[in-house]
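Reading through the structure tokens given below for one structure.
The values are calculated or read from the model by the stated rules, or taken from the named source; none is laboratory data. Just so you know, these numbers come straight off a predicted model, no measurement behind them. No Cβ is skipped: glycine too gets one built from the backbone with ideal geometry, and neighbour counts run over all protein chains shown. All accessible areas refer to the heavy atoms of the entire protein, side chains included, with ligands and DNA or RNA removed. Shrake-Rupley method; radii C 1.70, N 1.55, O 1.52, S 1.80 Å.
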Amino acid sequence: MLVLGQDEKAKYPFLADAGEYLKDKGFSLVQFGSDPVLKLSVEKALHRIKVAAAGEVYKSDLIDGQASKDYVLEREVFSFLLAIVLIKLTGMSTLIKRFALAEARRAENYLEKDLGNASNKSKIDLATRIIYDLFNIEIVKENDFFVIPVSDYLIHSVTFHEREWKLINRHVENGKVFLTPDKTVRLIRKELGNYISSKIINAPKPSMIPGLENIVNELISLSKKLTPTYTITTGEYPPCIKHAIDVLEKGENLPHSGRFMLATFLLSRGQTVQQIAPLFKNAPDYNPRVTLYQLNHLAGTSGSTTKYACPSCEKLKTQDLCFITKECDNIINPSQFGKKRKQ
Amino acid sequence: MNENNIKFLEDSFKKYYFNHFNLIFTPQRTSEREFGYQKFNSGFFNRHISLKDDKELHLLFMQNIPSDVYCSNAYYAFPNSPMNEKDWKEADLIFDIDAKDLDLPCRKNHVVSICNECNEISKDTNQCVKCNSTKLEKKSLPCKLCINASKIEVNKLSNILIDDLGIDKENIHVYFSGNEGFHVYVFNSQFQKIGSKERSELVDYIMFRGAIPETFGMKKFKPNRSLFPDFNQKGWNGRFSKQVFGSKSKRSKIISELLDNGYSSFQKILDSVADNSGAKIDPNVTMDIHRIFRLPGSINSKSGLTKILCTDLSKFDPYTDACFLNDESVEVLANCPIEFKLKNKKFGPYNNEKTSLPTYAAAYLICKKLATIA
Ligand code: SF4
Ligand SMILES: [Zn+2]
Ligand SMILES: [Zn+2]
């Protein structure tokens, strides 16, 4: 197991053993319900969860991964560990998912910075050690790049839809792929999220801590208000649509043409405007009123009565929205996907 | 195929297997492989066979006198169970290069059409010259050009495997397939355990498919000439430079042209790199991790030639080096409108005539349905 310094624990709190950490510091969980000073950490934990629930990444009090005061570092770790305790107490899986995602993003930022920190070898070492310990990928620094075996690269990148991630679009030499720090970290994003959520899921559920009941209840009602993340049964959707949903679920920006494709496709599959609208919720520029208006327009339920059809594969190719695979099987429009063509 | 032909082929194959069992390649970790075989005139494919060692393999040949024998590139815990219960462990990386897919202009000169309706045999045609039927079976007697072109593809592939993918030369084995191409095996590589999707990415890399302009320095916005590849670079950057720029002195001028022509026409450049420098392998073969392949050392019943290891590819000549059947002469009725060469001897053309041929040549024609035992 990695030996971490205090500031490293603050950056990568999921590496710390919760129980041990508290014991080390001489605290028990129950104290957090009553002790007014420790309550600050509880508030911070609550804030951390709320930020994650809103789909954002919590900004810590660290500056460049450092803090001037020890207690700041300590509170960083406490708030993470407490956040997990609180989430466990709510028992809400939506919160687990969102929190893990946000924390993974946060860790990703630090890993990227540590890898890119050319002047500090120990930081690079730590980041590569974390990646090796957690995901069993051996990364070696070579000049400005990180090199990893082609097979490892393929195993992790094969689920990415962007053409940029195809092996042919990477520099490959001697059985190794050359990556910049940000790509290196991007490669393990999903695993990082999975790692953190499995840590939360596998953590034992504590019994209620007196004094925290209100906070837990607040979180439960917050979680209920969250629209459940749009889960789809994959397989029946073509790659272009899966990709668009992926992008939105990650809170990344999908160009207008992509939103048009997605909405018209789902409408053509008989989904209602109300079912589709929540999909766009994570988009950086989300506005519920505008989204509903636009969707209704596409569906032909408002204003004009024209119903818009999903663009052709050919058109989507020119818009860089096509991620064709074998399963597309020569169809000319995504809406034909998976339906056997009549001869 | 009639009884006499089958008996003739079985006899000559049997003699080969008896005399040349040393040529049969017993794969490493034999007991983890799936074997399969077919017999003459039987549509049935015997698969899901597991064998302990070379002795059991020998027995399979002697007891069944198969027309074709196959072995998996995959290793399984239970090779003789049905496919979904075999418990796949890993698989050697395998590539298939076939002259048929290269579609060279010479091909029409050595393809024979056999009419399914009236059995008329003629040079390559789309319609039977006798009964006008379009139901034709094509048989190719590949020429030297085809073999040489396939060798070039094998070399392209080997270079990418060695330089880019870090494979040791000793772990690459090139086999003549016994008919129209080559099978390239890669053993003990970092890719043993990767699945079908990952292998398909490797295929795209080797064939140069799916490249985007940005990878080779061409940007949509604010293009910048300093981003283009250079000659001394490894991998596709270097190959791109060699093909697109030609020589160091032309590089600068050509970059200016590329920038002038713009982003969207750059795709055409990439397509031409794929055509010229990508290795023309069969993608489906490499992606399939449950396939069985003709066993090295066994005879290909499409030709009577042996699937054999090419130790020196540049000198390899399938029509002498893969031709192992004996030269006892037999009487056949031959109908083959084109000439061919085996063991440095010229044969044909034959116009539906009785002739006496050495066994290896008779087998070659009978396997291609261009002769029968008289
Ligand atoms: S081929 Fe059509 S359906 Fe398949 S990914 Fe491209 S656009 Fe979508
Ligand atoms: Zn005919
Ligand atoms: Zn030819």
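Report whether or not residue B:158 is within 16 Å of ligand 3 (Cβ to nearest atom), closer than 30 Å to residue B:194 by Cα and not in a loop (DSSP other than H, G, I, E, B).
Criteria not met by residue B:158.
Looking at the range B:179-191, can you tell me whether even one residue there is within 16 Å of ligand 3 (Cβ to nearest atom) and open to solvent by 20 Å² or more (accessible area, probe 1.4 Å)?
Among the residues of the range B:179-191, at least one is within 16 Å of ligand 3 (Cβ to nearest atom) and open to solvent by 20 Å² or more (accessible area, probe 1.4 Å), which makes the answer yes.
Has the range A:145-154 got any residue that is buried (at least 19 other Cβ atoms within 10 Å of the Cβ), at pLDDT 85 or above and under 17 Å from the mean Cα position of the chain (by Cα)?
For the range A:145-154, residues buried (at least 19 other Cβ atoms within 10 Å of the Cβ), at pLDDT 85 or above and under 17 Å from the mean Cα position of the chain (by Cα): absent.
For the range B:288-321, what are the residues that are under 26 Å from residue B:74 (Cβ atoms) and among the aromatic types (Phe, Trp, Tyr)?
Residue satisfying the conditions is B:293 alone.
From the set of residues in the range B:124-151 that are closer than 14 Å to residue B:106 by Cβ and under 14 Å from the mean Cα position of the chain (by Cα), which is farthest from ligand 2 (Cβ to nearest atom)?
So, considering only residues that are closer than 14 Å to residue B:106 by Cβ and under 14 Å from the mean Cα position of the chain (by Cα), the one farthest from ligand 2 (Cβ to nearest atom) is B:148.
Sort out which residues of the range B:170-210 are under 30 Å from residue B:363 (Cβ atoms) and charged (D, E, K, R), and write them in order of number. Steps first, answer last, please.
As a first pass, look at the range B:170-210 and keep what is under 30 Å from residue B:363 (Cβ atoms): B:173-185.
Within the range B:170-210, B:180 is the sole residue that qualifies.
Can you list the strands (runs of 3 or more DSSP E) found entirely within the range A:105-179 that contain at least 3 residues being within 14 Å of another protein chain (Cβ to nearest Cβ)?
Where strands (runs of 3 or more DSSP E) fall fully within the range A:105-179 and carry at least 3 residues being within 14 Å of another protein chain (Cβ to nearest Cβ), they are A:145-149, A:171-173, A:176-179.
Residues of the range A:193-209 being touching a helix residue (DSSP H, G or I) at 6+ places or on another chain (Cβ under 7 Å), in a helix (DSSP H, G or I) and not small (Gly, Ala, Ser), which ones? Break it down into steps so the answer makes sense when it comes.
First pass over the range A:193-209, keeping only residues touching a helix residue (DSSP H, G or I) at 6+ places or on another chain (Cβ under 7 Å): A:193, A:195-197, A:199-201, A:203, A:205-206, A:208-209.
In the following step, the residues that additionally are in a helix (DSSP H, G or I) were identified as A:193, A:195-197, A:199-201.
Answer for the range A:193-209, where residues must be touching a helix residue (DSSP H, G or I) at 6+ places or on another chain (Cβ under 7 Å), in a helix (DSSP H, G or I) and not small (Gly, Ala, Ser): A:195, A:196, A:199, A:200, A:201.
Out of curiosity, is residue B:179 away from ligand 2 (no atom under 16 Å from the Cβ) and assigned to a loop (DSSP other than H, G, I, E, B)?
Spelling it out, residue B:179 is indeed away from ligand 2 (no atom under 16 Å from the Cβ) and assigned to a loop (DSSP other than H, G, I, E, B).
Does residue B:68 count as free of Cβ contacts under 8 Å to residues at least 60 places away in the same chain and out of contact with any Cys (no Cβ under 8 Å at 6 or more places or on another chain)?
It is false that residue B:68 is free of Cβ contacts under 8 Å to residues at least 60 places away in the same chain and out of contact with any Cys (no Cβ under 8 Å at 6 or more places or on another chain).
For the range A:22-39, which residues satisfy the criterion of being farther than 15 Å from residue A:71 by Cβ and surrounded by fewer than 16 Cβ atoms within 10 Å (Cβ to Cβ)?
Within the range A:22-39, A:23, A:28, A:30, A:31, A:34 meet the criteria.
Somewhere in the range B:297-314, is a residue on the phi > 0 side of the Ramachandran plot, open to solvent by 20 Å² or more (accessible area, probe 1.4 Å) and over 14 Å from the mean Cα position of the chain (by Cα)? Before you say what the answer is, go through the steps one by one.
Going residue by residue through the range B:297-314, those that are on the phi > 0 side of the Ramachandran plot are B:297, B:304.
From what is left, the residues that are open to solvent by 20 Å² or more (accessible area, probe 1.4 Å) are none.
No; the residues of the range B:297-314 include none that is on the phi > 0 side of the Ramachandran plot, open to solvent by 20 Å² or more (accessible area, probe 1.4 Å) and over 14 Å from the mean Cα position of the chain (by Cα).
Which members of the range A:137-176 meet the condition of being among the charged types (D, E, K, R) and more than 21 Å from residue B:216 (Cβ to Cβ)?
Listed by number, the residues that qualify are A:138, A:141, A:142, A:152.
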